[in-house]
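Asker: Take a look at this one; I'll ask things after.
The values are calculated or read from the model by the stated rules, or taken from the named source; none is laboratory data. Owing to the predicted nature of the structure, the values given are computational and were not obtained by experimental measurement. Cβ placement follows ideal geometry from the backbone for every residue including glycine, while neighbour counts extend to all protein chains displayed. We work out accessible area using only protein heavy atoms, side chains counted, and drop any ligands, DNA or RNA first. Shrake-Rupley method; radii C 1.70, N 1.55, O 1.52, S 1.80 Å.
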Amino acid sequence: MRRLSSSLSSCLDSAEALLEDDPSATEHGEAFVRDGGSERAIFLGGNGKRLGDKGVTRVVEGLEDPSREYYKLYLCDNRIGWRGASIVSHALTHNMSLVEMSLGNNRIGDEGARHLASALVHIATLEMLDLENNGIGPAGTVAIANALERDNNSLQWLVLSENPIGDEGAQALLRCIANTTSLDHLQKSNHSLLSIILKKVAWVKDTASLRKIRCYLKINRLSVPCTRFAVQRKVLLGVKESPQRLTEFCATLREENPSIELGLQPYLLSLLGYHSDLSTAFVLLQNAPHLFSDDRDIANTNMKHRVR
């Protein structure tokens with residue numbers, strides 16, 4: 001049994017491996033694991049034998065059987081390619097119980113990552129996904145990041161270590177948890193991911209993206225269990241970095257509803273989530289004073305004075 005190289009391996013410490021009596025199952029080293037007599041898992045690989053794409057079909061049949069609830073699927077080091085990943089992905093769309101899945105040290109590539117990304121849209125129980133060392137490049141990383149940003153809020157741990165994700169992939173992961181193109185997109189970003197492990201990723205020259213990913217993931221962790229706090233903290237950080245974003249957000253609201261009153265300070269501060277953050281209020285007053293006053297003449301005067 002191959003253990004994860006990260007702290008996620010601790011979730012298996014209490015598991016007791018029990019081999020099934022089925023000879024055809026043990027032929028490939030298949031083991032069913034039960035934690036406390038309730039949780040069921042499949043471990044395959046790491047014993048010198050490899051499933052390959054063909055062997056995956058039989059293994060995942062249990063995932064599509066509603067009478068057999070599997071919570072963990074570990075298929076590390078099995079020479080699984082994109083076809084095997086597509087088989088697993090199809091099975092996931094019919095599964096309502098899987099919590100952890102590891103496909104580390106295979107070779108699913110970008111095409112396999114795209115198939116898994118399509119499955120992430122449908123599965124609402126998966127909390128951990130390990131894709132370490134799978135030859136996943138920028139295209140595959142972008143596909144996964146897009147699925148997590150828009151259509152999945154259950155995944156909490158993602159492992160992409162030792163993959164050539166490139167700067168494009170790193171930017172996509174950052175956009176997934178902190179889409180700063182607008183405050184509206186920022187509020188709708190993924191606030192459920194708690195950890196993205198990116199050890200020894202290749203082709204990433206923009207290390208600033210990796211630092212920002214760690215920053216926004218920390219916000220997600222600090223905001224558990226209420227994702228609303230993550231939204232507030234990210235909006236606050238985004239406005240501090242670029243106050244113009246708030247002006248653009250309010251302009252969008254005005255276009256959608258011309259009668260909306262934008263000169264209400266409590267509304268803006270509630271959007272930021274910090275009523276007592278005077279530094280943020282000061283930044284906004286400096287850069288967008290008209291948002292804090294219904295008297296446009298006063299706002300314009302303040303703006304002219306600031307320019308001088």
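Asker: Pop out the ³J(HN,Hα) list for the stretch 85-98 in order, Karplus 6.51 cos²θ - 1.76 cosθ + 1.60 with θ = phi - 60°, rounded to Hz; leave Gly and Pro as x.
Answerer: Computed from phi, the couplings for the stretch 85-98 are 5, 5, 5, 4, 4, 4, 5, 5, 5, 10, 9, 10, 9, 5 Hz.
Asker: Evaluate the distance, in nm, between pseudo-label points positioned 7 Å from the Cα of ARG50 and of ASP184 along their respective Cα→Cβ axes.
Answerer: 4.9
Asker: Roughly how large, in nm² to one decimal, is the mean projection of the convex hull of the alpha-carbon atoms in the stretch 160-213?
Answerer: 3.5
Asker: Next question, about the same structure. Percent of Cα-Cα pairs more than 15 Å apart in the stretch 51-151, please.
Answerer: Pairs farther apart than 15 Å: 57 percent.
Asker: Keeping all protein chains in the complex and leaving out DNA, RNA and ligands, what accessible area do you get for ASP184 with a 1.4 Å probe, in Å² to the nearest 10?
Answerer: Its accessible surface works out to 60 Å², give or take rounding.
Asker: Shifting gears a bit: What do you reckon, how do ARG114, ARG150 stack up by accessible area (1.4 Å probe), largest on top?
Answerer: So, going from the largest accessible area down, we get ARG150, ARG114.
Asker: Please list ARG233, ARG245, ARG211 in order of solvent-accessible area, largest first, computed with a 1.4 Å probe with all protein chains present.
Answerer: The ranking, largest first, comes out as ARG211, ARG233, ARG245.
Asker: Something else: Per-residue accessible area for LEU237 at 1.4 Å probe radius, Å² rounded to 10?
Answerer: So the heavy atoms of LEU237 present about 50 Å² to solvent.
Asker: What distance in nm separates the two pseudo spin-label positions at HIS122 and GLU255, each 7 Å out from Cα along the beta-carbon direction?
Answerer: 3.6
Asker: Which of LYS72/LYS200; LYS54/LYS205; LYS205/LYS240; LYS49/LYS218; LYS188/LYS212; LYS54/LYS200 have a Cα-Cα distance over 28 Å?
Answerer: Over 28 Å Cα-Cα: LYS54/LYS205; LYS49/LYS218; LYS54/LYS200.
Asker: So if I take the centroid of the Cα atoms in the stretch 119-146 and the same for the stretch 166-188, what is the distance between those two points in Å?
Answerer: 16
Asker: In nanometres, what is the gap between the two model label sites at PHE229 and SER97, each 7 Å from Cα along Cα-to-Cβ?
Answerer: Output for this residue pair reads 3.4 nm.
Asker: Each residue of the stretch 154-171 in turn: what ³J(HN,Hα) in whole Hz from Karplus with 6.51, -1.76, 1.60 and θ = phi - 60°, glycine and Pro shown as x?
Answerer: 9, 5, 10, 10, 10, 10, 10, 4, 6, 10, x, 6, x, 5, 5, x, 4, 5
Asker: Sketch the reach of a paramagnetic label on THR57 as a point 7 Å from Cα along Cα-to-Cβ, and name the residues of the stretch 83-104 whose backbone nitrogen lies under 12 Å away.
Answerer: Under 12 Å, as judged by backbone N against the label point of THR57, lie 84, 87 of the stretch 83-104.
Asker: Given the Cα-Cα distance of LYS218 and GLN244 and 0.36 nm per residue of separation, how much length would full extension add, in nm?
Answerer: Roughly 6.9 nm would be gained on extension.
Asker: Could you go through the stretch 112-126 in sequence order and give the Karplus-derived ³J(HN,Hα) for each residue, using 6.51 cos²θ - 1.76 cosθ + 1.60 with θ = phi - 60°, rounded to whole Hz, and x for Gly and Pro?
Answerer: Calculated HN-Hα couplings, in order: x, 5, 5, 4, 5, 4, 5, 6, 4, 5, 9, 8, 10, 10, 5 Hz.
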